[in-house]
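The values are calculated or read from the model by the stated rules, or taken from the named source; none is laboratory data. The structure presented is a predicted model; accordingly, all values stated were derived computationally and were not measured. Cβ placement follows ideal geometry from the backbone for every residue including glycine, while neighbour counts extend to all protein chains displayed. Remember, those area values only see protein heavy atoms, side chains included, never the ligands or the DNA or RNA. Shrake-Rupley method; radii C 1.70, N 1.55, O 1.52, S 1.80 Å.
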Amino acid sequence: MIEFLGIEHLFDLSPTEKILGFFTPLIVYAAFLLVQLLLPARKVAGYVTNPSTGEPIVYHLNGLIVFIVMVTVWWFELTGMPRDWFYRSSIFAVMGGTVFTTIFTFITIFSQPKETRKNPIKAFWSGNIREFTLFNGRIESKMFLYITGGTILAINAMSGAWYHYQLFGENSNPGVFLFAIFFLVYIIDYCIHERSTLYTFDLIHEGIGFKLYWGALVIYGWAFASPLWGLAVYPDPELGSFWMGFLLVGASVLFLVGLGISRGSNLQKYTFKRWPERSFMGIKPEYIEANDRKILVTGFWGIARHFNYCGELILAVIFALVLGYFTNLWAWTYGSFIIGFCLRRERTDDMHCEEKYGSEAWGEYRRRVKHRIIPGIY
């Protein structure tokens, strides 16, 4: 089975290395916790309020500097960990990460009052709390999870590219390097706009259970780089200089388009929530009144009701195509997950919005903005 999947090289570790790979996630999580705690951070009031005080939760944001420090430590091998270790130990790291996030989940749900665990399966999967802090409020759980998972993802993609280069040298697949660069840019962009994420669905609605722990620290951190698990051992696909150049340039352009749609949508929403009357990119906001709330109907949010997911879908396809092995299923592992996730999340978002804004106001928005994600199609 392993040979059929083409990932036997990821099992080619000594017994000691397998054990170390299993515990790598725990070591890395602890390192991130320490770095985020020690590095300076700016205090920012978020959108979510503390239920006990009614005041906005104050977040300590230092994602970009944490990212720079951790990538630097990895690149210069300052801990003695080889650059390709994240890639080579991927399978065992996913095993260990799954075990450790399960433990984190039980600790989290059992640290809350017993009445919050009336449905233990739901509490385990979705959580029974939406946010908690550590070290006297210095570390906020969700921002820790997202910055940690995102940085690990970028390192994993670069680690796979380094392994590939060591394997093939001049016969390397340039798409592998662009794949890693895309994830690097994607995470840097996330860190730069870290504050705007305080106004996203996950920060507002998501509970802290196994789904979030495992999703952020294992799936996001390790499995999103899984196309390289099967394709880092493939050389240049030899499409020809013209077609390879066309692929790389076209993928880069579409990557920027997808990232622009995704980030632009979220930034417009962030701007509107903070300053409802402020124009965004020269677009004056128009909105539907929903009691004490407002539904934005111009700009990105006038094109499709969840247009931000359109950007993510574009990125999902580009991450698959850029590797140059279009029919290899490994190329589509990340894309398949993202496409399924966005289609499901859009439905969940829609239900939350109808509950939040009321069926009448949300129904009016649906009539004015007819498409869910892709304008003219869906």
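Remarks
- Residues in the range 367-378 carry Karplus couplings, in order, of 5, 7, 10, 7, 9, 6, 10, 9, x, x, 10, 9 Hz; the curve used is 6.51 cos²θ - 1.76 cosθ + 1.60 with θ = phi - 60°, and Gly or Pro positions show x.
- Surface composition of the range 1-111: carbon plus sulfur atoms hold 72% of the accessible area, using a 1.4 angstrom probe and ignoring ligands, DNA and RNA.
- Ranked by the mean number of other Cβ atoms within 10 Å per residue, highest first, peptides 97-110, 226-239 order as 226-239, 97-110.
- Averaging the Cα positions of each part gives two centres, and for the range 98-175 and the range 201-279 these lie 17 Å apart.
- Surface accessible to a 1.4 Å probe, per residue, for the residues of the chain, Å²: 47
- For the chain, the longest principal axis of the C-alpha atoms and the axis of helix 333-357 are separated by about 10°.
- Residues 88, 367, 344, sorted by accessible area with the largest first, give 367, 344, 88 [1.4 Å probe; ligands and nucleic acids excluded].
- For the chain, calculated [θ]222 nm from helices alone, where every DSSP H run of n ≥ 4 adds -39500 (n - 2.57): -19000 deg cm²/dmol
- Per-residue SASA entry for residue 9, accessible area with 1.4 Å probe, Å² rounded to 10: 40
- Surface listing: 48, 322 arranged by accessible area from highest to lowest gives 48, 322, probe 1.4 Å.
- Net lengthening on full extension, residue 350/residue 254 (0.36 nm per residue, minus Cα-Cα): 31.9 nm
- Enclosing the Cα atoms of the chain in their convex hull gives a volume equal to 161 cubic angstrom per residue.
- Between helix 174-192 and the chain: long-axis angle, C-alpha atoms, 0 to 90°, nearest 10: 30
- When each of the peptides 73-79, 215-221 is scored by the mean number of other C-beta atoms lying within 10 Å of its residues, the order from highest to lowest reads 215-221, 73-79.
- Selection from 272, 323, 69, by position along the positive dipole direction of the chain (Cβ): 272
- R0 of 51 Å, Cβ-Cβ distance residue 31-residue 368: FRET efficiency to nearest 0.05: 0.55
- Taking 337, 132, 246, 92 and ordering them by how much accessible surface each has at a 1.4 Å probe, largest first, produces 246, 337, 132, 92.
- Whole-number percent relative contact order across the chain, with pairs defined as alpha carbons under 8 Å at least 6 apart: 16
- With both labels modelled 7 Å from their Cα along Cα-to-Cβ, the residue 291 to residue 166 distance reads 5.8 nm.
- Top of 335, 264, 240 by mean-square fluctuation, Gaussian network on the chain, Cα under 10 Å: 240
- Pairs of lysines in the chain whose Cα atoms sit within less than 17 Å of one another amount to 12, provided the residues are eight or more positions apart or on different chains.
- Out of every Cα-Cα pair that the range 29-129 contains, those further apart than 21 angstrom amount to 60 percent.
- Long-range amide H partners of residue 48 with built H, under 5 Å: 57
- Helix 15-38 axis, angle to the chain major axis (alpha carbon atoms, nearest 10°): 40
- Here the range 262-322 has 53 percent of its accessible surface on carbon and sulfur atoms, given a 1.4 Å probe and all protein chains in place.
- Relative contact order (%) - the range 1-115, alpha-carbon pairs under 8 angstrom, separation at least six: 35
- The loop-placed trypsin sites (Lys or Arg not before Pro) in the range 116-200, going by DSSP, that have at most 10 neighbouring Cβ atoms within 10 Å of their Cβ come out as 118.
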